[in-house]
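S.K.: Please find one structure pasted underneath; my questions will follow.
Each reported figure results from applying straightforward, stated rules to the coordinates on display, with no laboratory input. These numbers come from a predicted model, not from an experiment. Heads up, the Cβs are rebuilt from the backbone with ideal geometry, glycines too, and the neighbour counts pull from every protein chain shown.
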Amino acid sequence: MKSITISGSPRENVGKRDAKLLRYDGKVPAVLYGGENQTHFAVSVTDLKPVVYTPVVHFIDLEVAGKKTQAIIKDIQFHPLTEQILHVDFLQLDPKKPVTIEIPIRLTGTSPGVKTGGKLVLKLRKLRIKALPKDHVDNIDVSIESLEVGKSVRVGDLKLEKLIITNAVEDTIVSVTTSRALRQAEQEAATGKK
């Protein structure tokens, strides 16, 4: 999985007033969980943008006060009106402990059902995957080569080595439904036969 380096500066004061001043300076208050102690620090908004505003999932090589840690973003809070990043929670990764991350789905192939006029409906854009950090992948490939009209691919249909999908097995990932044009053509064919 790809990783991005972000450096942070330790926070001496933790509180609403301090957080407000940080945001005014173009920084975001952050906390690193998962280690022996919680680490409170601040990161630049510009450093966070390539990680936050992308569908790609990244590991983060975090450097705070000279200490390097590999982490992921666990939670992020946005202002309800301005969409400004207000706070970020990072989770320190342990190479020996599995971690759950939402990984994007990438559709591969061409559906015969779509070629005959069906409509491709993507119901899930990401899957929750539990695995050791070294086993995580950039995306999950889902083949639609065999999807006819009325058929679908469910979570239970996927077989992934070293990865555990935590979504419900009956959840539909992608399906091919009858489009309005195909339905109309079928109705016209049926009435033409009578």
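S.K.: Given charges of +1 on the Cβ of Lys and Arg and -1 on the Cβ of Asp and Glu, with all other atoms neutral, how large is the dipole of the chain about its Cα centre, in debye to the nearest 20?
M.R.: Numbers: 30 positive and 23 negative charges, 90 e Å.
Computed charge dipole of the chain: roughly 440 debye.
S.K.: Something else about it: Under 20 Å Cα to Cα from K20, which aspartates and glutamates show up? Leave out anything in the same chain fewer than 8 places away.
M.R.: Result set, ordered by chain and number: E12, D47, D75, E83, D89.
S.K.: In whole Å, what three semi-axes, largest first, describe the equivalent ellipsoid of the stretch 18-113 built from its Cα gyration tensor (square root of 5 times each eigenvalue)?
M.R.: Sorted largest first and rounded, they come to 28, 20, 11 Å.
S.K.: Also, I was wondering about something else. Between T108 and N37, what is the spin-label point distance in nm, taking each point 7 Å from the Cα along the Cα→C-beta axis?
M.R.: Each label point is offset 7 Å from its Cα along the Cβ direction, giving 4.7 nm.
S.K.: Continuing with this model, one more query. Which number do you get for Rg(Cα) / (2.2 N^0.38 Å) in the stretch 99-193?
M.R.: Numbers: Rg = 16.6 Å, N = 95, 2.2 N^0.38 = 12.4 Å.
Relative to the 2.2 N^0.38 Å estimate, the stretch 99-193 comes out at 1.33.
S.K.: Hey, can you grab everything whose amide H is under 5 Å from the amide H of I4? Only 5+ residues off in sequence or another chain; H modelled, so Pro and N-termini drop out.
M.R.: Under 5 Å from the amide H of I4: F59, I60, D61.
S.K.: Further, regarding this structure: G35's amide H: which non-local residues (gap 5+, or another chain) put their own amide H closer than 5 Å, with H modeled 1.01 Å from N in plane and none for Pro or chain starts?
M.R.: For G35, the qualifying residues are Q92.
S.K.: Residue by residue through the stretch 157-168, what is 3J(HN,Hα) from phi via Karplus (6.51 cos²θ - 1.76 cosθ + 1.60, θ = phi - 60°)? Round to whole Hz and write x for glycine and proline.
M.R.: In residue order, the calculated couplings are 6, 7, 10, 10, 6, 6, 10, 10, 8, 9, 5, 5 Hz.
S.K.: Would you compute the Debye intensity of the chain from its alpha-carbon atoms alone, equal scatterers and no solvent, and pass along log10 I(q)/I(0) at q = 0.09, 0.14, 0.16 Å⁻¹ to two decimals?
M.R.: -0.49, -0.87, -1.01
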